[in-house]
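Read through the structure below, which is laid out as structure tokens, and then see the notes.
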């Protein structure tokens, strides 16, 4: 059974938190606060010049942090960033490769409001439910670190 991924609160909206959720019978949510997102965005803007893919890198990184310990064959991600899905897929698959984890099949589709992933994500976003995982800026930056350029907070 494929896992569905949904997001509440866009990565680039630094006034609000972001919640990413997966669901496939069970559900798991990940939250990053607006303050922590601003920290990540500042560093990622610096290291990702001139490509301007930092928002998609952060989104893919949050998805990776959420699912990296799950056994997944297939992943359906809600169409949060139409036209940029190939970039997101590429970043996500490179994170799996870098961490020597078997990559799932990644596809994109409209998840819809009736999806358990959407319902769980919006409940955490609205404060009706606690998240399963809360990440800090360094958690996101660490998955993109390499020997050549290590993104760090200043």
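With neighbour counts taken as other beta-carbon atoms within 10 Å, the residues 103, 109 rank, fewest first, as 109, 103.
Normalised by the number of residues in the chain, the average gap of Cα pairs under 8 Å and 6 or more apart makes the relative contact order 33 percent. Among 15, 79, 129, a tally of other beta-carbon atoms within 10 Å of each Cβ gives an order, fewest to most, of 15, 79, 129. If you sort the three axes of the alpha carbon gyration tensor as a ≥ b ≥ c, you get a/c of 1.5 or more for the stretch 74-143 and a/b no higher than b/c, which makes it oblate. The slack in the chain from residue 130 to residue 93, taken as 0.36 nm per residue of separation less the alpha-carbon distance, amounts to 10.4 nm. Full extension of the chain segment joining residue 145 with residue 86 gains 19.1 nm, where the gain is 0.36 nm per residue of separation less the Cα-Cα distance. Any chance you could tell me what percent of the C-alpha pair distances in the stretch 11-67 go past 19 Å? Across the stretch 11-67, Cα pairs with separations above 19 Å total 30 percent. Going from the residue with the fewest nearby Cβ atoms within 10 Å to the one with the most, 126, 28 rank 126, 28. Full extension of the chain between residue 102 and residue 45 yields a length gain of 17.6 nm, computed as 0.36 nm times the residue separation minus the alpha carbon distance.
When both bridge partners sit in the chain, DSSP labels roughly 50% of those beta bridges antiparallel. The residue 73 and residue 38 beta-carbon pair, evaluated with R₀ = 25 Å, returns a calculated FRET efficiency of approximately 0.10.
Laboratory data are not the source of any read-out in this text; all were calculated from the coordinates shown. These figures come from a predicted structure and were not determined experimentally. Every residue, glycine among them, receives a Cβ derived from its backbone with ideal geometry; neighbour counts consider all protein chains shown.
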